[in-house]
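Note sheet for the following structure.
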Amino acid sequence: MTVTIIAEQQQEGTHPTLAQMVSAAKGLGGTCKVIIPGGSGEQEASNISGVDKVMKMTGECFSSFDSQSWSSSMKNSIEGTVLLAATPAGRELGASIAAELGISVIQDVTSISPGIKLERPVYSGKAIENLTTSENCVITIRPNSIEAAEMGGSAEITSQDSTESIRLAVLEAIAKASEKIDVSEADIIISGGRGLGDASNFEKLEEVASTLGAAVGASRAVVDEWGLPHSMQVGQTGKTVTPALYIAVGISGAIQHLAGMRSSRYIVAINKDPDAPIFAVADYGIVASWEDALPAMHDAIKALP
Amino acid sequence: MKAAVLIKQVPDTTAKIDISGGEVDESGIAKWSISPYDEYALESALQMQKDVGATVVAITLGPDRASKSLVDAAAVGADELVHISHEGAIGSFALQTALAEAVKRVGADVVLAGKQAADTNAGSTASGVAKILNWPCVGLVSKIDASEGEFEATRSTVAGLERVSVSSPCVFAFDKGEDKLRIPNVRGIMMAKKKPVQKHTMADLEVDASNGGITESSVTYPPQKPPGQKFEGASSAPEVVSRLRDEANVI
Amino acid sequence: MRTLKGLYLSGCIDIMGYEALDFYDVDSLLTDEERMIRDVVRDWVDSSVIPKIENACREGVFLDEWRQEIGSMGILGAPLKGYGCPGLSYTAYGVICRELERGDSGIRSFASVQGSLAMYPIWDFGSEEQKERYLPKMATGELIGCFGLTEPDYGSNPGDMVTKAVEDGDGFVLNGAKMWITNGTIADLAIVWAKLDGVIRGFIVEKDDPGFSAPEMKGKHSLKASVTSELVFQDCRIPKDRILPGVKGLRGPFSCLNNARYGISWGAVGSAQACYDSARSYAMSRIQFDHPIAAYQLIQNKLAWMLREITKAQLLAYHLGEKKDSGTWIPEHISLAKMNNVDIALEIARVSRDIHGANGILDEYPVMRHMANLESVKTYEGTHDIHNLILGRHITGIQAFTREA
Ligand SMILES: Cc1cc2nc3c(=O)[nH]c(=O)nc-3n(C[C@H](O)[C@H](O)[C@H](O)COP(=O)(O)OP(=O)(O)OC[C@H]3O[C@@H](n4cnc5c(N)ncnc54)[C@H](O)[C@@H]3O)c2cc1C
């Protein structure tokens, strides 16, 4: 079989998901072609082990993201099963390519094996959908759900110019006014409690949160005592949240707090008291002072590929 | 101007999902709602109704129960309602083809949809419909300013927010919108029930309702999580991080 | 021993927000519209009342945004027809009261007073001009009304009220005082019951009328998110066209009260459902002596009793709604439902508080707030015992309100 990977666009080099897509393609067997829309990184891409061909696409339409003109410009270069990373742009482009080719798209899969057998979480992770599909489809794969392929390849690089025109115009970039993610919408929440000692230590949580793309929450005790915004409060009288990951830092786990977060899919607790009730609901508990554990955790997160 | 809003009825996000025989047991779902991002799309269309006098057409595809979401849309102000009836699984391309056909038949100049539905979390519909109609698509939109035939929208990208301009006809896929959702009003609810619904079948839209290349599908519960694990000391942090990545798959 | 996490994973505990207890599926008897209205009000309570109510109670305020949003939902004066009013069934009105009171009795009180005690008398007893002048704006919440019947010295016995009106040239002059008046200080107009030549009549007093003031009563331990006021009339002069032409005597205020009491019989179910919901979820997650307290028979007995009483109260309220809608009711039917449903709601709140242990006294949980609120609800709109006396009179034909025959 043949797999075509559409690389996620990146200013410089290749996006970390590309090597993961290559590894997924190798798992399916057959040849692997990488299309690089606009952008750069064809050299790096050709060095990923398992890549057979790299094709860089250039042209006016690649000056900014326009899924529809991109998919039109690629349609003749695509062979076989199409893989993309399930980033927002990848999903939009993947859906457009599938419609261009008149085939199905299966989004956000977390497992892919020959056959082609796929798994994807549905109902916000409350269930898993298991699918078998023909090779004639577009698949987007959730970033970091597959081990990346190694370097060490040397694929042939070609390039192609597209005459497709772009149909939307970017007027201006709006500086993102460090907009904070709301706890009720976040996939990941990192919350602090009295154990942090002082309101100023919430900055440390903010740092980890910005690395993870997480929202920062708080227990009622600190919202009341340290005058934090009520919108941050998780618990009985605050928000009831069900993120994929909830990290409780210096929160003992009073029943009122647990009421607001215990349905989170995974819970990590950092607390120096080994008997703190929060450990009863934690999937991963770290018995340590947050001053030591949080930086260590942050470093480990930053070190992830 | 005519704005078509694609709305999907999904189990309320607080609903408990029970599975039996490889399928979600719908009888256990107490509450169905319009998928949250679709609500922002609808709100934006209603803004266009106010600002430029757009006619708002709500279109849904699904089984009989889905018509309730049309009534909900009418209750907040949708002018026309279209229900494409279909039971059971359907491939993304067939679904998009049917929706695109309905959009053509109502004569819409702009399509608004949510960026993804809260049940399947896929996020294919807006972009696929755009392709079939051969209209441009702007994704992850949070705000649209409409004037006759021209739109300026705020969309989110990896780099941040940007303002883009695009002309009609076109498709928008909504992220969480900037505008507050309106609360339905009782009078609207009473009138909504009386609003006629245009019914279509896949057959009269001339769409092959096959499941695309998907030959098998079933739903299962997520794997049981391992029992809680406790680690001693800050030095265990990297271990926990790697488990979050490999075991839990959440970062 | 099962850990808390274990219970969640095995599906024994699912906390997914408020789930209204409806054991007999009584809501399946509602029409589609009634269910849609229920969902709209319930969602509004979830998003706009629950997150703000404890703070509002602590500060003792009724938020103006509640007035605006309730107004824009179009649920004020629910069963009234015409003049911009919703024209819903009495059952729909009951459902609205239930959902509002699930949030807080103070919010329901606002709507009861506006709809049943201020809009209704204008709608039923007012002149055409009065209806057109006030009702459309009251239906949207632009104008707020209150209802002045109770006086400092006349509560259960309003017939002996001393507030007086006298005709004077081109108007009326009012003197006297009313007490315990919900919405008084925030009201744009008051329906005031006063004696004109010894006969009880209704008057519309506007907030800027000379000689009228409405100071707020402070220090309540109950209905803290509701405004309660005195109405003071010192040579308060109002134009002639402010008298309600259509009614004389106690029938005026009592017909308003019948509607409000009907709404309360549904509202109390909402409070009870909230207290039950909280007790159930707390009992499932509170572990003592190694097990969730819900695993102990004494707790189960309490929960089963709550379920039983709530189910009965739901059926009472629903059937009374049918009777209201078909016009086959008598005031005693309403007395029974108001008395019973408030009574069991208050008892359920107390038992729920007990199940919550010390946590039950915190404002993290809604139960003590409901409990304190329901003490007012038990007293206003005819005290529990006054309704017993009404039923007693109905059964025996002998009135026992006073010692004289
Ligand atoms: C928060 C709140 C809001 C209110 N809002 C309004 C409002 O908006 N408008 C309004 O007009 N009023 C309002 N009221 C007043 C309410 O209607 C009265 O409190 C009620 O009618 C009872 O009157 P009372 O408090 O004077 O009690 P009383 O009549 O003095 O009764 C005291 C006790 O004696 C009992 N009792 C009285 N008579 C008898 C009898 N014959 N036989 C046996 N027992 C008897 C009662 O059951 C009660 O237990 C409100 C009250 C409260 C607490």
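The values are calculated or read from the model by the stated rules, or taken from the named source; none is laboratory data. Remember, it's a predicted structure, so these values are computed and weren't measured experimentally. All Cβ positions, even for glycine, are placed from backbone atoms using ideal geometry, and neighbour counts span all protein chains on display. Side chains are part of the model used for accessible areas, which takes the heavy atoms of the whole protein and leaves out ligands, DNA and RNA. Shrake-Rupley method; radii C 1.70, N 1.55, O 1.52, S 1.80 Å.
Suppose we look only past 28 Å in the calculated P(r) of region C:254-405. What percent of the Cα-Cα pairs does that tail hold? Value for region C:254-405 (Cα pairs over 28 Å): 29 percent. On the accessible surface of region A:1-148, probed at 1.4 Å, how many percent belong to carbon and sulfur atoms? So the carbon and sulfur contribution to the accessible surface is 45 percent. Less than 5 angstrom separates the built amide H of B:GLY139 from those of B:ALA173, all sequence-distant by 5 or more or on a different chain.
Positive contributions from Lys and Arg (+1) and negative ones from Asp and Glu (-1), summed over other residues with Cβ under 12 Å from the Cβ of C:ASP197, come out at +3.
The distance separating the Cα centre of region C:30-48 from that of region B:218-243 comes to 40 Å. For region C:211-223, 3J(HN,Hα) computed residue by residue from phi via the Karplus equation (6.51, -1.76, 1.60; θ = phi - 60°) reads x, 10, 9, 9, x, 7, 8, 9, x, 6, 9, 9, 6 Hz, glycine and proline entered as x. How many percent of DSSP beta bridges within chain A run antiparallel, rounded to 5? Of those bridges, close to 15 percent are antiparallel. Lys-Lys pairs in chain A that are eight or more residues apart or on separate chains and whose Cα atoms lie under 26 Å of each other come to 25. Shown here: the protein assembly as shown, whose C-alpha atoms stretch 108, 65, 50 Å along the first, second and third principal axes, sorted largest to smallest.
Between amide H atoms placed 1.01 Å from N, distances below 5 Å from A:TYR266 occur with A:LEU245, A:TYR246, all of them 5 or more places distant or on a separate chain.
When the Cα positions of A:SER184, A:ALA99, A:LEU168 are compared along the charge dipole of region A:86-219, A:SER184 comes out farthest toward the positive end, with charges on each C-beta of Lys, Arg, Asp and Glu. Just give the residues from region A:91-120 buried by at least 50 square angstrom of accessible area in the all-chains context relative to the isolated chain, probe 1.4 Å, and say none if nothing qualifies. Buried by the other chains: A:ARG91, A:GLU92, A:ALA99, A:SER104.
Between A:GLU79 and C:TYR24, the simple spin-label model (points 7 angstrom out along Cα→Cβ) gives 7.2 nm. With all pairs of separate Cα atoms included, region C:182-326 yields a Kirkwood hydrodynamic radius of 19.4 Å.
When chain C is treated as a GNM with alpha-carbon contacts under 10 Å, the residue of C:GLU216, C:GLU33, C:GLU230 showing the greatest mean-square fluctuation is C:GLU33.
Using a 1.4 angstrom probe on heavy atoms only, work out the carbon and sulfur share of the accessible area of chain B in %. The nonpolar share, carbon plus sulfur, comes to 50 percent. Buried accessible surface for the A/B chain pair comes to about 6200 Å², total over both chains, computed with a 1.4 Å probe. Computed over protein heavy atoms with a 1.4 Å probe, the accessible surface of the protein assembly as shown works out to 39 Å² per residue. Computed on the Cα atoms alone, the convex hull of chain A gives a volume of 146 cubic angstrom per residue. With q set to 0.20 Å⁻¹, the log10 of I(q)/I(0) for region C:131-268, from the Debye formula over equal scatterers at the Cα positions, is -1.35.
Would you mind getting me the FRET efficiency between C:ALA295 and C:HIS221? Use the beta-carbon distance for r and R0 = 45 Å, nearest 0.05. With a Förster radius of 45 Å, E is 0.85. Its Cα centre serving as origin, chain C has a Cβ charge dipole (Lys and Arg +1, Asp and Glu -1) of approximately 840 debye.
For region C:360-405, the normalised intensity computed at q = 0.23, 0.28, 0.30 Å⁻¹ comes to -0.78, -0.94, -0.98 (log10 of I(q)/I(0), Debye sum over alpha carbons, equal scatterers, no solvent).
Tell me the carbon and sulfur percent of the accessible area for region C:266-332, rounded to whole percent, probe radius 1.4 Å. Here carbon and sulfur together make up 56 percent of the probe-accessible area.
Would you jot down the residues in region A:217-238 that end up with at least 30 Å² less accessible area in the complete protein assembly than in the chain alone, with a 1.4 Å probe? With the partner chains in place, region A:217-238 has these residues losing at least 30 Å²: A:ARG220, A:GLN236, A:THR237. Here the scattering of region A:188-302 is modelled by Debye summation over its C-alpha atoms, one equal scatterer each and no solvent; at q = 0.20 Å⁻¹ the log10 of I(q)/I(0) is -1.03.
Placing +1 on each Lys and Arg Cβ and -1 on each Asp and Glu Cβ, with no other charges, gives region A:96-203 a dipole about its Cα centre of roughly 360 debye. Take the accessible area of chain C alone and of chain A alone, subtract that of the pair, and you get about 1500 Å² summed over both chains, using a 1.4 Å probe. Computed from phi, the 3J(HN,Hα) profile of region B:4-10 under the Karplus parametrisation 6.51, -1.76, 1.60 (θ = phi - 60°) reads 9, 10, 8, 10, 10, 8, 10 Hz, with x in place of Gly and Pro.
Report D for chain C in µm² per second (integer): Stokes-Einstein, Kirkwood Rh on Cα pairs, 37 °C, 0.692 mPa s.
Working: Rh = 21.9 Å.
Calculated translational D: 150 µm²/s.
Only one residue of C:ALA268, C:ILE398, C:SER28 has its Cα farthest out toward the positive end of the dipole of chain C, where Lys and Arg carry +1 and Asp and Glu -1 on Cβ, and that residue is C:ILE398. Mean-square fluctuations from a GNM of chain A, with a 10 angstrom spring cutoff on Cα atoms, peak among A:ALA248, A:ALA127, A:ALA282 at A:ALA127. Dipole orientation for the protein assembly as shown: of the candidates A:SER200, C:TYR93, A:ALA269, C:TYR93 has the Cα lying most toward the positive pole (charges on Cβ; Lys, Arg +1; Asp, Glu -1). Enter the mean projected area of the convex hull around the alpha-carbon atoms of region A:103-236, in nm², rounded to one decimal. Hull-based average projected area comes out at 14.9 nm².
Backbone phi angles across region A:283-288, fed through the Karplus curve with coefficients 6.51, -1.76 and 1.60 (θ = phi - 60°), yield HN-Hα couplings of 7, 10, x, 10, 8, 6 Hz in residue order; Gly and Pro are listed as x. Annotation: amide H of A:GLY285 within the under-5 Å range of A:ALA269, B:GLN229, B:LYS230, B:PHE231, sequence separation 5 or more or interchain, hydrogens built in the peptide plane. Kindly express, to the nearest 10 degrees and within the range 0 to 90, the angle between helix C:90-103's C-alpha long axis and the longest C-alpha principal axis of chain C. Roughly 60 degrees, rounded to the nearest 10. For region A:2-161, the share of DSSP beta bridges that are antiparallel, to the nearest 5, is 25%. Taken about its Cα centre, chain B carries a charge dipole of about 540 debye when Lys and Arg each add +1 at the Cβ and Asp and Glu each add -1 at the Cβ.
Taking the centroid of alpha carbons for each part, region C:171-204 and region C:237-274 are 14 Å apart. Counting only alpha carbon atoms, the long axis of helix C:251-285 and the longest principal axis of chain C meet at about 20°. DSSP beta bridges confined to region B:2-223 are antiparallel in about 40 percent of cases. Calculated on the Cα set of region A:205-250, radius of gyration then Dmax: 10.6, 28 Å. Rounded to the nearest 500, what is the 222 nm mean residue ellipticity of the protein assembly as shown from helices alone, with -39500 (n - 2.57) per DSSP H run of 4+ residues and division by all residues? Counting only the DSSP helices, I get -11000 deg cm²/dmol.
Normalised by 2.2 N^0.38 Å, with N the number of residues, the alpha-carbon radius of gyration of region A:2-161 equals 0.95.
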